[in-house]
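Notes for the one structure printed next.
The values are calculated or read from the model by the stated rules, or taken from the named source; none is laboratory data. As the structure is a prediction and not an experimental result, all values here were calculated from the model. Neighbour counts run over all protein chains shown; Cβ positions are idealised from the backbone, glycine included. What goes into the accessible areas is simple: the full protein's heavy atoms, side chains included, and nothing from ligands, DNA or RNA. Shrake-Rupley method; radii C 1.70, N 1.55, O 1.52, S 1.80 Å.
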Amino acid sequence: MLLKINLPLRRAFCHTSLVVTAGVLSVMFSGSLYANPQLMTEVDARGAEELRYANFEQWRNEFRRYAAAQGISESTLATALDNVRYRERVIELDRYQPEFVRPIWEYLDTAASDTRVNAGREKLDAHRQTALEMQQRYGVPSEIIVAIWGIESNYGSNFGDFSTLEALATLAYDGRRRDFARGELLAALRIIDQGDIAAEQMKGSWAGAMGHTQFIPSSFEAYAVDGDNNGRRDIWGSIPDVMASTANYLARAGWQAGEPWGVELALPASFDYSQTERRSSAEWASQGVRALQGELPNFESAAIVIPAGAEGPAFLVGANFRAILRYNNATSYALAVATLADKIAGREGIRQAWPRGQTPLTRDDVKELQRRLNEAGYSVGGADGVMGPNTRQGVRDFQRSQGLTPDGFATQALLERLR
């Protein structure tokens, strides 16, 4: 019997607040997956009612019936689903929120460290023929392919040992993102049903991201490629499949062959940091924007990124930076991939200094910042502790009112001024 509790129906999957290790989120699922048509109608009609099961086994049995109705074979259900366990650790990680937000320079120190650069060069040397073949096929540079591999799973040394099936089943039963997890679990069963991987070998992160590339199952279905032509797409054990799948993902995300990801900038003293529009390189140059070294790339549509405010480095980024963001929609992630790739290829990394003297805001600090901005008339929405676009705009408006550079970068000094 189903137990019904009057709670808001959970539909959203918010992943990008994680630093970058849980993988690719490119396909969203919504809606109820219950097999009973009467219940489906009831949920659709009410919209605000959530159905809960008495225990995990009851949920699994109901999902099994649904998966069978969706065409998953009995043999796959028996081997892949019937022995799946509830994993409390997955729920602990799902609900964990760190107190401190790691500043981007500390993240980059690790993501593009000398150790990871050297390991990346060794991996590229060991798999150069495969990487160059994928570069030629998809137009994505070999160093970018290897850098994605390095950031996602540290070149395969840390892609997680959670059963993807158990992680997703646990999240579908008791997580914050149930509809998404149910859709991903069904996709995982389809992958097993099609013979790409055995159920016991489908391993990855607690959030359901799998293998060297950290694809979630729906991304695997959409982008994974059989790079070694053995009839299976194996992102756990085949490096040709790993590299082909990574390059295919970026190519499908709009990678432009022959273009750089971006360039480090020297901005004029009069630069308006509130600009968030994309412009051509020529239009940015007309405002006095210059490359720190050399010439600006000839971008038709480019944005200026200042991840640490006016006191830190600035970058002009084009279509290929946006393609990396499709892999993981966090500026810190895309900049880590770009920087690591540059260093693997022997190019210089970021030249300008980061404002390392700035003390980062804690999550509670950001909530206070949001509350005080709202109280001061700068409407930024709810105080959720996340520095989203509304909060950054509120910070810029407050900075401008105080005669400060409106770069949208929140600091302890700014919070103190608001107090």
Q) Rounded to the nearest 500 deg cm²/dmol, what is the calculated helix-only ellipticity per residue at 222 nm for the chain, with -39500 (n - 2.57) per DSSP H run of length n ≥ 4? A) -13500 deg cm²/dmol
Q) What angle, in degrees between 0 and 90 and rounded to the nearest 10, separates the Cα long axis of helix 389-401 from the longest principal axis of the Cα atoms of the chain? A) 20
Q: Compute the Rg to Rh ratio over region 195-244 from the alpha carbon atoms, using the Kirkwood formula for Rh, and round to two decimal places.
A: 0.92
Q. Distance in nm between label sites at residue 305 and residue 376, each 7 Å beyond Cα in the beta-carbon direction?
A. 2.8
Q) Of the heavy-atom accessible surface of region 344-389 (probe 1.4 angstrom), what whole percent is carbon and sulfur? A) 45
Q) When the Karplus curve 6.51 cos²θ - 1.76 cosθ + 1.60 is applied with θ = phi - 60°, which whole-Hz ³J(HN,Hα) does each residue of region 314-323 get, with x for Gly and Pro? A) 10, 9, 9, 10, x, 4, 6, 5, 5, 5
Q: Can you work out the accessible area per residue across the chain, with the rest of the protein chains kept in place, probe 1.4 Å, in square angstrom?
A: 45
Q.
Test of understanding: in a Gaussian network model of the chain with alpha carbons linked when under 10 Å, which of 380, 90, 225 would top the mean-square fluctuation ranking?
A. 380
**Q.** residue 216 long-range amide H proximity, modeled H, under 5 Å
**A.** 24, 210
Q: Would you mind checking the tilt of helix 128-138 against the longest principal axis of the Cα atoms of the chain, expressed as 0 to 90 degrees and rounded to 10?
A: 90
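Using 0.36 nm times the number of residues separating residue 400 and residue 70, minus their current alpha carbon distance, what extension gain do you get?
Separation in residues times 0.36 nm, less the Cα-Cα distance, equals 113.2 nm.
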(Q) What whole-number distance in Å separates the alpha-carbon centres of region 78-126 and region 170-211? (A) 17
Q: Quickly rank 265-274, 104-113 as a protection proxy: mean count of other C-beta atoms within 10 Å, highest first.
A: 104-113, 265-274
Q) Along each of its three principal axes, how wide is the spread of alpha-carbon positions in region 124-172, in whole angstrom units, largest first? A) 40, 20, 14
Q. Among (1) 154; (2) 179; (3) 212, which is the computed volume of the Cα convex hull per residue in Å³?
A. (1)
Q: Please report the Cα spread of region 63-120 along all three principal axes, rounded to whole Å, starting with the longest.
A: 49, 32, 19
**Q.** Difference of contour (0.36 nm per residue) and Cα-Cα distance, residue 89 to residue 270
**A.** 60.1 nm
Q | Pairwise FRET efficiency - residue 230 versus residue 356, Cβ, R0 = 45 Å, nearest 0.05 | A | 0.40
(Q) For a protection proxy built on the mean count of beta-carbon atoms within 10 angstrom, sort 114-121, 215-222, 191-198, 347-354 highest first, please. (A) 215-222, 191-198, 114-121, 347-354
Q: Return the FRET efficiency for the residue pair residue 82, residue 347: r is the Cβ-Cβ distance, R0 is 60 Å, and the value is rounded to the nearest 0.05.
A: 0.70
Q. Non-local amide H neighbours of residue 296 (under 5 Å, H modeled in plane, Pro and chain starts lacking H): which ones?
A. 291
Q: Would you kindly calculate the mean projected area, averaged across all directions, of the convex hull enclosing the Cα atoms of region 280-419, in square nanometres?
A: 9.7
Q: Would you grab the residues whose amide H sits under 5 Å from the one on residue 314? Only those 5+ places off in sequence or on another chain, please, with H modelled 1.01 Å from N.
A: 265
Q | All Cα pairs of region 216-350, percent lying beyond 22 Å | A | 44
Q: Calculate one ³J(HN,Hα) per residue across region 251-267 by plugging θ = phi - 60° into the Karplus curve 6.51 cos²θ - 1.76 cosθ + 1.60, and present them in order as whole Hz with x for glycine and proline.
A: 4, 5, 7, x, 4, 9, 4, x, 9, x, 6, x, 8, 6, 10, 10, 9
Q) Rule-of-thumb check for region 105-230: C-alpha Rg over 2.2 N^0.38 Å? A) 1.16
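Using 0.36 nm per residue of separation minus the Cα-Cα distance, give me the extension gain between residue 137 and residue 102 in nm, one decimal. Can you show the working numbers first?
Details: separation 35, 0.36 × 35 = 12.60 nm, distance 3.70 nm.
Roughly 8.9 nm would be gained on extension.
Region 68-175: Rg/Rh from Cα coordinates, Kirkwood Rh?
1.11
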Q. Expressed as a whole percentage, what fraction of the accessible surface of region 189-234 belongs to carbon and sulfur atoms when a 1.4 Å probe is rolled over the protein heavy atoms?
A. 40
